[in-house]
1. Is it possible to state the helix-based mean residue ellipticity at 222 nm for chain A, with each DSSP H run of 4+ residues giving -39500 (n - 2.57), the sum divided by total residues, to the nearest 500 deg cm²/dmol? What is it?
2. If you wrap a convex hull around the C-alpha atoms of the range B:165-313 and split its volume per residue, what is the figure in Å³?
3. Over the Cα atoms of the range A:183-264, Rg to Rh with Kirkwood Rh, two decimal places?
4. Over all directions, average the projected area of the Cα convex hull of chain A and note it in nm².
5. Angle check, please: helix B:191-202 long axis (alpha carbons) against the longest principal axis of chain B (alpha carbons), in degrees 0 to 90, nearest 10.
6. Using the alpha-carbon centroid of each, what span in Å lies between the range B:206-242 and the range A:237-313?
7. Quick one: the Cα spread of the protein assembly as shown along its three principal axes, in angstroms, biggest first?
8. Provide, as a two-decimal number, the C-alpha radius of gyration of the range A:1-61 over 2.2 N^0.38 Å, N being how many residues it has.
């Protein structure tokens, strides 16, 4: 199995990308091979500096780079030999089983939509984010920013997509789905939330536990947290800032340390035909390594196929 | 000046209410008198136990109680001699200059809308919440839950209401207003956020600094944070849970300790003709005391009149 990494993506690329890839190659030895996509002349010397430790890694040359500030759709279209476009082409062709990048988030979404494409039946793919849970492990929250505005049917599907990920990748047998709302009682919230509640309630593929509130994010009430992309993005960035504030005060604890984005490495795009993960722009080698391991876990679980099977019917 | 407290409101009423009122009476001695509204037979013995320390406190008898689980509008209408209805009647009549309650939040909003009423020109009043700031002091976020769904013009007015509170009560001379969004660039977010951005940008009464993100909640970018009531409610409850989680781990720090709701005591309803504050259901004596002090500060600053003057034109 091959897992691809955009070697040019992220603020500290290509050094952090290569360092993270070498770390991941060691951890995934015998299970998966790491493929680095990017400018060979920039990547090869960094890889060679690792000597034998980097022997298993492959480089695929891509002459262009989509920069962080570029317009996603325009850059993706114009830079067909960029590391992101090449990565998606290989993913779509089945040459790699997952593609990870800490580069331009918008371009990663464009590639997901126009290269590997949404699974038939999925209205809109979502970005999923991991939520540390007090009882150990992680839950999953979606959408975390792909869709600012949502329809009730999209929120219903997020519940299904998140449940599949929780079951097949996180290993939670019968994941509980909660709708992020502003009160527990049925009928609370906006018309969108009220309609989504009714759809989630009667969906036979998921275990819906009803509305949850901001205070329930980390507790045992729900493994899958459903919300629109605006709300999910605010929650995600707020939680990340909490970790930074605690870290700056040297306040550490096993639970709060899991707020650190490095510990999961990236956010999968769910509802597309292949496995793609978006990493944080500031990704460190540890974050890159964990993103690649997550890519392996998604491919190993065949999550994209599970989603295709579910939405086929 | 008289500040009224619902002596029957909150999970630990009337004991916590009386304890908090006596604390506040001491701190506000010479500035304001505390009026306790509730069942005299329940309140008087608790007050008498304090002896001379409670000499300045007044009791106004109200025979009924709106319980936490009751339907707000129905209960408010049917229980005209409840502590909440009596409190709003006194507030409206000018017998007290602020009314505070840790009781049924919905009933407090009903009273605000139907007894003291919105200020002419204000589309919908909002619940404001205090946000601890890294550079010291507090910012203000609104709406925190009164209006699940908002129109762009409502968000614009929240920016104005919050600016007035920040200026006249928090003493921030030229408060910065930020719109909670999922990206800093203009044009980000839902159609609601895009429209609100344009209205806030050209409003001459406020200093709009543009979009902010979840990670900016506690930093220096904005003193007034504008969002819809659903988003504000999720943020508020998430922030409260962070404090509880830190406290449970005995992780304390002057900044994070300000996340504790007790330190501000309550959330003012802004955009109504008089000063009303809603406290947390679990309010402790310290929270009650701080809510009463906030009621005094609002009345002292004449914030309701400032809002009326601004929206008159």
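Throughout, read-outs are computed from the coordinates displayed, never taken from laboratory work. Being a predicted model, the structure only gives us computed values, none of them experimental. Because the Cβ atoms are built from the backbone with ideal geometry, glycine has one as well, and the counts that use them run over all protein chains shown.
1. Rounded to the nearest 500, it is -12500 deg cm²/dmol.
2. Per-residue hull volume (Cα only) is 131 Å³.
3. In the range A:183-264, Rg relative to Rh is 1.05.
4. Taking a quarter of the hull surface, the average projection is 15.5 nm².
5. Value to nearest ten degrees: 90.
6. The range B:206-242 and the range A:237-313 have Cα centres separated by 24 Å.
7. 84, 48, 41
8. 0.98
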